Amino acid sequence: MKRRLPGMLTPQERIKQMLRVDQAGEYGAIRIYKGQLDVLKNHPTSSLIQEMKLQEQEHLDSFNQLLLARNIKPTIFTPLWHVGGYLLGALTAKLGAKAAMACTVAVEEVIDHHYAGQIEELQQSELEPELTNIIKRFQADEIAHKDQGLEAGAADAPGFAVLRTSIKAITRAAIWLSTRA
């Protein structure tokens, strides 16, 4: 029998953690896009943002169903992601459509890496092949969002490097916090 070191998660606990974090991330993404849409409602970029938001809603709905089916509570930080996501979206949109797209690029780069790690972990454990496929599908959508953001001029946003670095740090912190509770 394998001994578990203190602080190590069982495979089932790790799956719960993954689902809680992923649900929180999709919720935060929707709030970011809501903030951007409220600011850029009449801008040509708003149709692209709305399309991305609809895909994120599909992801959130899937994770919500998985949480419900497995009796997993969302992160206690959901109220923070509600306000923080909206503010991040609205503030970047106030800087302009290219800055809003820079936000998308930064978030999606982190999420792509995050999902890649989860996929690798799930494949190595050979647990949850259906969940692995769901995350792969969502990862492809996130990569497409990043690419669409770049095509929409994200790299031309004023202060792109600073925005990208800052938003990536915020996104990583949100992931870290959501793994905790």
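Brief remarks on what is shown
- Residues (of a type in the set (Lys, Arg) and part of a helix (DSSP H, G or I)) located in segment 53-70: 53
- Test: residue 67 is of a type outside the set (Lys, Arg), more than 25 Å from residue 166 (Cα to Cα), touching a residue at least 40 places away in the same chain (Cβ under 8 Å) and surrounded by fewer than 23 Cβ atoms within 10 Å (Cβ to Cβ): yes
- Matching residues, segment 142-180, being surrounded by fewer than 16 Cβ atoms within 10 Å (Cβ to Cβ), in contact (Cβ under 8 Å) with a residue 60 or more places away in the chain and closer than 20 Å to residue 62 by Cα: 179
- Some residue of segment 47-63 being hydroxyl-bearing (Ser, Thr, Tyr) and either more than 18 Å from residue 135 (Cα to Cα) or crowded, with 22+ Cβ neighbours inside 10 Å (or both): yes
- Screening 17, 118, 50 for residues that are at negative phi, without any contact (Cβ under 8 Å) to a residue 40 or more places away in the chain and part of a helix (DSSP H, G or I) leaves exactly one candidate, 50.
Rundown of residues vs (1) closer than 23 Å to residue 112 by Cβ; (2) small (Gly, Ala, Ser); (3) under 13 Å from the mean Cα position of the chain (by Cα), yes/no style:
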{"site": "16", "(1), (2), (3)": "yes, no, no"}
{"site": "19", "(1), (2), (3)": "yes, no, yes"}
{"site": "62", "(1), (2), (3)": "yes, yes, no"}
{"site": "66", "(1), (2), (3)": "yes, no, no"}
{"site": "71", "(1), (2), (3)": "no, no, no"}
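- Whichever residue in segment 92-118 is of a type in the set (Val, Ile, Thr) and either out of contact with any Ser or Thr (no Cβ under 6 Å at 6 or more places or on another chain) or surrounded by fewer than 18 Cβ atoms within 10 Å (Cβ to Cβ) (or both) and, among such residues, is farthest from residue 175 (Cα to Cα): 92
- Evaluated against (1) closer than 16 Å to residue 22 by Cα; (2) crowded, with 24+ Cβ neighbours inside 10 Å, residue 121 falls short on exactly one condition, (2).
- From 93, 102, residue being modelled with pLDDT of 95 or more and under 26 Å from residue 179 (Cα atoms): 102
- Within segment 70-110, being of a type in the set (A, V, I, L, M) and farther than 14 Å from residue 166 by Cβ holds for 72, 76, 80, 83, 90, 93, 97, 100, 101.
- Filter result for residue 80 (of a type in the set (A, V, I, L, M, F, W, C), surrounded by 13 or more Cβ atoms within 10 Å (Cβ to Cβ) and under 19 Å from residue 173 (Cα atoms)): yes
The values are calculated or read from the model by the stated rules, or taken from the named source; none is laboratory data. The structure displayed is predicted, hence computed values, not measured ones. Using ideal geometry, Cβ is built from the backbone for each residue, glycine included, and neighbour counts are taken over all protein chains shown.
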